[in-house]
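Take a look at the structure below.
The values are calculated or read from the model by the stated rules, or taken from the named source; none is laboratory data. Predicted model, so just to flag it, every value in this text is computed and none were measured. Every residue, glycine as well, gets a Cβ built from its backbone with ideal geometry; the counts of neighbours run over all protein chains shown.
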Amino acid sequence: MNPMKKSSLTENINYSEDRPAVELLFESEATKEIRILLKKGQLMKEHKTSFPIVVEVYQGDIEFGVMGEIQRLTSGDIISLESNVPHDLKSNVDSIIRLSLSKLDSTDRVKNLVKNQ
């Protein structure tokens with residue numbers, strides 16, 4: 001087993017016209033690293049997860065809503081949330097988001113979230 005994994009946040013960028021694009025970049029021993037591509041105006045409706053998460057705006061400008069309070073996050077910003085905290089995202093420009101999930105969380109949960117909005 002190779003002890004190193006590599007992926008890219010900026011290669012093979014394919015924004016979806018109708019919903020955010022979600023792709024698993026890789027899994028480590030502790031996390032799942034996911035890329036979310038949001039076109040300008042796209043949103044992820046309010047949701048929550050049973051595990052803590054870390055969200056990084058690699059490129060772009062989003063409105064990150066947490067319990068009614070909106071944080072504007074731009075390129076380079078990073079935010080963490082504890083488990084079971086309702087949150088939503090709206091992109092002000094085409095944006096690349098890195099989401100770090102617990103290994104115990106499901107990538108399919110995130111994919112189904114954007115598919116069913």
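Computed quantities for the displayed model
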| item | result |
| --- | --- |
| Unmet requirement for Arg109, which otherwise passes all of (1) farther than 21 Å from Thr10 by Cβ; (2) of a type outside the set (Phe, Trp, Tyr); (3) modelled with pLDDT of 95 or more | (3) |
| Cβ-Cβ under 8 Å pairs, at least 6 apart or on other chains, the range 46-60 side small (Gly, Ala, Ser), far side buried (at least 16 other Cβ atoms within 10 Å of the Cβ) and assigned to a loop (DSSP other than H, G, I, E, B) | Ser50/Asp105; Gly60/Asp94 |
| Within the range 2-31, considering residues that are touching a residue at least 40 places away in the same chain (Cβ under 8 Å), loosely packed, with under 13 Cβ neighbours inside 10 Å and over 20 Å from Val93 (Cα atoms), the one farthest from the chain's Cα centre (by Cα) | Glu29 |
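Table: residues versus (1) within 13 Å of the chain's Cα centre (by Cα); (2) at pLDDT 95 or above; (3) buried (at least 16 other Cβ atoms within 10 Å of the Cβ).
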| site | (1), (2), (3) |
| --- | --- |
| Glu33 | yes, yes, yes |
| Lys48 | yes, no, no |
| Ile78 | yes, yes, no |
| Leu81 | yes, yes, yes |
